[in-house]
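A.B. asks: Structure provided below as structure tokens; questions to follow.
The values are calculated or read from the model by the stated rules, or taken from the named source; none is laboratory data. The structure displayed is predicted, hence computed values, not measured ones. Here the Cβ is made from the backbone with ideal geometry for all residues, glycine too, and neighbour counts use every protein chain on show.
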Amino acid sequence: MPNLTEFEPLTGGLPRVQEMKPRPVRMWKASFLQFTRFSVVGILNTLIDVITLNILLWRFPTHNANLLLVYNSLAYIFGALNSFCLNKYWTFRQRNGTAGGEIVRFVVLSIAGILCNDIILWLTARSLHPLITNNLLWANISKGFAIAGTMTLSYLGMRLWVFTKRTDQKRKKQYVSLLDIVEEPVGQPLHMNEEGPKTIEQVQLETNKGKKIPSSLSIILPAYNEEMVIAETVHSVVDTLMRWGLDFEVIVVNDGSKDRTQAVIEEITAIDSRVILLNHAVNGGYGAALISGFIATTKELAFFMDADGQFDINDLERFFPLLEAHDAVLGYRVDRQDNWIRKVNAWGWKLLIGMVFDIYIRDVDCAFKLFPADFFHEHNLETSGAMINTEILYKFTRAGYSYTQVGVRHLPRSGGRATGAKPSVILRAFRELVVYAFKWHREEKLLGKNYWGKRGL
């Protein structure tokens, strides 16, 4: 492995932006595959609709036409929800977050589809009635024409109206964000004054002039099987914090990884004493990894971030000025780069956490949060799985601390595998939720609202 402290200098100024010309593609083939996916989703929607209706009739039998209409509406809604999610994230490959406008357009298109289905069915039935004497054949052929017409309308409506890709706007935003990162021209003499080159301390002082910077910061990076991205993540964190002129430490918690995560970090710690490696012999869970990191912190503030490379450490700089009015700053993912299953799970989990613990956070499990380190030294954290974020926020707010929320970028995963949607992880989270919800509510009831300890008491 090359020496991690050696970097090849860049010369020749800023790299030119090369215009990438798209390769010729067979648009008809892409459209055909897209329509095939749309058709598969349509079949699944029909199955969900029919199965849901029959389950309702089995559990709550009825001969009432009005109640049957209610059952049919509920079944249709389940099918429509499936249609929205699968068509958005699979058929049309959308990766942006769900907007209110999309939902409204989808509802309008669904209503138009129902009306179109009825109109085509009525017109076809009237046209074929003199030609086909068999009632069953006549009805099914008419229904087939109605389905074909409705599918065509729905496909075109979703592609051209509901799930439109605003790529130009996205590219402009990305271009602006890239310009914000460039601070000095590459290839020019850097940090020079009349007396000669400036010291690192002088550069850091000028860079941070006028900015709210904490005196010291501990970064906790929990890692599990992240050998492909962990080195890049750690180097990015270290380089950024050095540029900000911070007194910092980076604590990497290897939670029983089975790949080379530990070996990669050991190579980094051998040449940089600010990077600290904590090893778990076996995988203890996301919460256990964070708790080990919190206990090891020695700085004023504690910040944790996933080691999978899906966050940009530069977003942390916007958190510091907010500490003048708040005790903690919580990030929430903008345009979350996860599949629809994880997004649906996160949405349901957020609602459940709000109802059980009275915690209403935009993104409760976002791994981009900044806290006072003393909080973790003064409070005992008990959960070892995905419930850890909920526990931190529950005890933090009960202790009288304040927080604010800031949107942060969420990047596509460049390596490794996400484990948050594994059934074992989800079941563990629900088990901890039930166990500790009863435990904490009972402790508060028995020992009073000041059980978690108020600030200054």
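A.B. asks: Considering only the stretch 364-397, how many residues are in a loop (DSSP other than H, G, I, E, B) and out of contact with any strand residue (DSSP E or B) (no Cβ under 8 Å at 6 or more places or on another chain)?
C.D. replies: Selection size over the stretch 364-397: 11.
A.B. asks: How many of the residues in the stretch 145-181 are in a helix (DSSP H, G or I), modelled with pLDDT of 50 or more and surrounded by 10 or more Cβ atoms within 10 Å (Cβ to Cβ)?
C.D. replies: Narrowing the stretch 145-181 to residues in a helix (DSSP H, G or I): 145-162, 167-181.
Then drop every residue that is not modelled with pLDDT of 50 or more, which leaves 145-162.
Retained after the next criterion (residues that are surrounded by 10 or more Cβ atoms within 10 Å (Cβ to Cβ)): 145-159, 161-162.
Matching residues across the stretch 145-181 total 17.
Yes/no per residue for (1) loosely packed, with under 11 Cβ neighbours inside 10 Å; (2) modelled with pLDDT under 85; (3) under 19 Å from Glu391 (Cβ atoms); (4) in the same structural domain as Gly331 (by TED's automatic domain parsing):
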| site | (1), (2), (3), (4) |
| --- | --- |
| Gln405 | no, no, yes, yes |
| Val408 | no, no, no, yes |
| Leu411 | no, no, no, yes |
| Gly415 | no, yes, no, yes |
| Leu427 | no, yes, yes, yes |
| Val435 | no, no, yes, yes |
| Trp440 | no, no, yes, yes |
| Leu447 | yes, yes, yes, yes |
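A.B. asks: From the list Val253, Val234, which one is farther than 18 Å from Phe396 by Cα, in contact with a Pro (Cβ under 8 Å, 6 or more places away or on another chain) and buried (at least 23 other Cβ atoms within 10 Å of the Cβ)? Lay out the reasoning, then the answer.
C.D. replies: Values: Val234 fails: in contact with a Pro (Cβ under 8 Å, 6 or more places away or on another chain).
Criteria check complete, one pass: Val253.
A.B. asks: In the list Gly400, Gly348, which residue meets the criterion of being in a helix (DSSP H, G or I), modelled with pLDDT under 95 and loosely packed, with under 15 Cβ neighbours inside 10 Å? If you could, list the steps in order and put the result at the bottom.
C.D. replies: Details: Gly400 fails: in a helix (DSSP H, G or I).
The conditions single out Gly348.
A.B. asks: Additional query: Would a scan of the stretch 111-122 turn up a residue that is modelled with pLDDT under 80 and in contact with a Cys (Cβ under 8 Å, 6 or more places away or on another chain)?
C.D. replies: Scanning the stretch 111-122 turns up no residue that is modelled with pLDDT under 80 and in contact with a Cys (Cβ under 8 Å, 6 or more places away or on another chain).
A.B. asks: For Ile77, are the conditions met, namely being β-branched (Val, Ile, Thr), farther than 16 Å from Met158 by Cβ and at pLDDT 75 or above? Walk me through how you get there before you give the answer.
C.D. replies: Working: β-branched (Val, Ile, Thr): yes; farther than 16 Å from Met158 by Cβ: yes; at pLDDT 75 or above: no.
No.
A.B. asks: Still on this structure, I have one more. Please find, among Gly354, Gly285, the residue that is touching a Gly at 6+ places or on another chain (Cβ under 9 Å) and closer than 18 Å to Thr390 by Cβ. Lay out the reasoning, then the answer.
C.D. replies: Details: Gly354 fails: touching a Gly at 6+ places or on another chain (Cβ under 9 Å).
Exactly one residue qualifies, and that residue is Gly285.
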